[in-house]
1. Give me the inter-chain shielding for B:61-67: mean count of other chain Cβ atoms within 10 Å, whole number please.
2. Taking each residue in A:78-85, count the Cβ atoms of any other chain within 10 Å of its Cβ, then average. What number comes out?
3. Quick one: if you stick a label point 7 Å off each Cα along the C-beta vector at B:Ala96 and A:Ser66, how many nm between them?
4. So what is the 222 nm mean residue ellipticity for chain B from helices alone, if each DSSP H run of at least 4 adds -39500 (n - 2.57) and you divide by all residues, rounding to the nearest 500 deg cm²/dmol?
5. Can you tell me the FRET efficiency between B:Leu108 and A:Gln179 if r is taken as the Cβ-Cβ distance and R0 is 41 Å, rounded to the nearest 0.05?
6. Taking the Cα atoms only, what angle lies between the long axis of helix B:80-92 and the longest principal axis of chain B, rounded to 10 degrees?
7. Going by C-beta contacts inside 10 Å, put A:Ser115, A:Ser180 in order with the fewest on the left.
8. Please state, rounded to one decimal and in Å, the Kirkwood hydrodynamic radius that the range B:1-117 gives when every pair of distinct Cα atoms enters the mean of 1/r.
Amino acid sequence: MTGTLIFLALGLILLGILLATLLLRQQPEPSLASESKRVDGSQAILTALELNLPSRELADRIFAKSDLDFILREAPSLKHVFLRERTSVAIRWLRATRNCTGQIFRFYRLAVRSSPALEFWTELRIARDYCEFLLLSYSLQVLIYLLGPFLVRGVVTRAFAVADRISIGVGQTVGAMDQSSLMRIKDDWAKQATPSD
Amino acid sequence: MKQRANEVSLVDAVEDLKRRTLASLSNDMARLVYLSSTRDYLTGRYYHDGLAFRFTGQLAEVAVGFCHHELFEKIVSSQLGVLVRELEVFIRSQQARPREVLGAWKKLQPYRMLVPQGSDWVSKEFFFSNIRIALAILEDRLEKTPHQDQQSAWPQQ
């Protein structure tokens, strides 16, 4: 019992530190869309495979505090309804982003499984990024439930940056493969995506 | 060469649709309602006789679909305040009383038909959520000034 409580307390402290760090680092309404501009080149291969992350422009709107300000100004009695609606959308968006990043990572594992040009440090970096993304996205989910979607913009920005890194890493690695390998991987991926009965 | 010609025709068709048809509508919400109403609900295909007459049926369908997507993206990415204003102007431009329209939109949710095919589901959910909030705001405004529930007499903010 005491051990459980200690672990719980440690977990809460770590979550608090993470939250404080990320919230203190948050800039005034940074554009989440600008984060995605850097990944356009390496994203092409993932786009061809229909492995696009959800739009950052949409996230920009979902997490925009200006909408909350509008509600507080125009219809303060609807604040709770608005927060409930926006929290629900934010959570859906987060889940969609997590699902897509998971798919990109699974595709990457499939792609490098048969690749002769395996680079240890690249593998390690992408695996580390994916773990970091999962940690951030699950923390973000808890934070959205606890604080609402408008105080967590710093964490959202951070999670995007990591998802971008994963996209870039996977895009570059897969893009460097020869055409025949890529075609074979695409076929394998398509078979995995639509398993036979 | 043929592909280039098709691209030019598509640009022309889109421009034609915007200039001749969409420009005459009161605002973006009215345009969105109009564009989605040109879609056959059984097949999801767009039909626009005027555009098909000037260009081809296939080109008209692509042009209407393109404009529908473009407009939906614009509305989804607009601020909540802008959406509320769009909806307010749209409802005010209808023949029915605002309260009646609000009630029907809340109950029947016709706004679900305004989404173009192929939109991602998070965008759809975000759009539906914003429309629900906008309807609640407009209803709230109407309740504060019930005597103004007349056509073309929406309380001005």
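Derivation of every value follows stated rules applied to the coordinates shown; laboratory data play no part. This one's a predicted model, so the numbers in the text were calculated from it and none came from an experiment. Backbone-built Cβ (ideal geometry, glycine too); neighbour counts: all protein chains shown.
1. Mean partner-chain Cβ count within 10 Å for B:61-67: 0.
2. Taking the mean over all residues of the peptide, I get 3.
3. 3.2 nm
4. Dividing the helical sum by the residues of chain B leaves -20500 deg cm²/dmol.
5. 0.20
6. Approximately 90 degrees, to the nearest ten.
7. A:Ser180, A:Ser115
8. 15.3 Å
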